Structures are given as C-alpha cells and as structure tokens.
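Engineer: Take this structure, written in structure tokens, and hold onto it; I'll ask about it next.
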Amino acid sequence: MKQYKKPEYHFVRNSGGLSGDEIAKLTDAELAEYLQKCDFTEEKKKYRIKSGYILREIAGEYAIVPVDEECIITNAVMSPNDSAVFLWKVFQDPHTKEDAVRKGMQEYDVEEETIRSAVNRFLKDTLKYNIIEEVE
C-alpha cells in the first residue's frame, strides 16, 4: 500500500513562453519535455518561519520576538506592519512564493505585481536574517 499524503497543489508561473492554449495541445511527452525545459526549481521551493520566533499581539500592535538563543540576531524585538504580519502568518506553514502571492491576492485589493514584489522582499529580508528557512 502507498503512504497517504495530504493533497496539495501550488500555482506555478508559466515562464516557458507558451500560452495556456498551446500547452493544452501538447502531447504527454511534449508536455513532460516542456516542463523539464522550464525547470520550475525556484517556484517549487517552500519556506517556513523558523521555530525560534513567535508573533505576539500586544495592545493592538504586533511584535516578532526571538525566543531561542540561536535566533537572537540583534537582541531586538521586530515590529512588523500589517502586510508583514499577513506574510508571517502565511509562512507559519510551508508555502511557495506563488502560494503566498495567491493568498495575498485574495486578501488585498492590489495589483499582482505589488503582492509579488512584497513577497519577494519579505523572503529576501527574512532569509538574510535567518528568520525563515527553506523546507522540503
């Protein structure tokens, strides 16, 4: 018997140059070759907030507190804005960049590129300070 896995799916940006109609007309072999050529490695990466940090709401304001000695980078509490809190909550569980963009599009009335830019900036900053990690 096969081991059960929770069903999941992720949106992947089509960066291979074909339209959706063109992709739909490909044979299985052609589609496999197309997907192999596109190598969606970056899009498949999942990220999660490291376990040594907690998000707290104190008097209506949010704070990110390092609770593990390994996580204390500047001996400071971080004060995120509402958008950063939203992304923090998204990445509490493993998600791809594209998952976060889609969730942001559902949450906010803003252009997709604005959300995409915010997600990329959030990941860049949290990776820089070792607050988020890439997971399998």
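The values are calculated or read from the model by the stated rules, or taken from the named source; none is laboratory data. Model, not experiment: these values are computed from the prediction. Note: ideal-geometry Cβ built from the backbone for every residue, glycine included; neighbour counts use all protein chains shown. Heads up: the accessible areas ignore ligands, DNA and RNA and are worked out on the full protein's heavy atoms, side chains in. Shrake-Rupley method; radii C 1.70, N 1.55, O 1.52, S 1.80 Å.
Engineer: Compute, for the chain, the length of the dipole vector about the Cα centre, with Cβ point charges of +1 (Lys, Arg) and -1 (Asp, Glu) only. Units Debye, rounded to 20.
Structural biologist: With Lys and Arg at +1 and Asp and Glu at -1, about 280 debye.
Engineer: Taking the Cα centre of the range 21-136 as the origin and placing charges on Cβ (Lys, Arg +1; Asp, Glu -1), which of ALA32, ASN130, ILE58 is farthest toward the positive end of the dipole?
Structural biologist: ILE58
Engineer: Moving on. Taking the alpha-carbon distance from LYS97 and a cut-off under 12 Å, which aspartates and glutamates remain once sequence neighbours fewer than 8 residues away in the same chain are dropped?
Structural biologist: In chain and number order, the partners are GLU42, GLU43, GLU134.
Engineer: Sorted from largest down, give the three principal axis spans of the alpha carbons of the chain, whole angstrom values.
Structural biologist: 56, 42, 27
Engineer: Using a 7 Å offset from the Cα along the Cα-to-Cβ direction at both SER117 and VAL67, what is the distance between the two label points in nm, to one decimal?
Structural biologist: Placing both labels 7 Å along Cα→Cβ, they lie 3.5 nm apart.
Engineer: Evaluate E = 1/(1 + (r/R0)^6) for ASN81 and GLN3, where r is the Cβ-Cβ distance and R0 equals 41 Å; express this FRET efficiency to the nearest 0.05.
Structural biologist: 0.50
Engineer: Still on this structure, please answer the following. If you roll a 1.4 Å probe over the heavy atoms of the protein chains, what accessible area per residue do you get for the chain, in Å²?
Structural biologist: Numbers: 10000 Å² over 136 residues.
Accessible area per residue: 73 Å².
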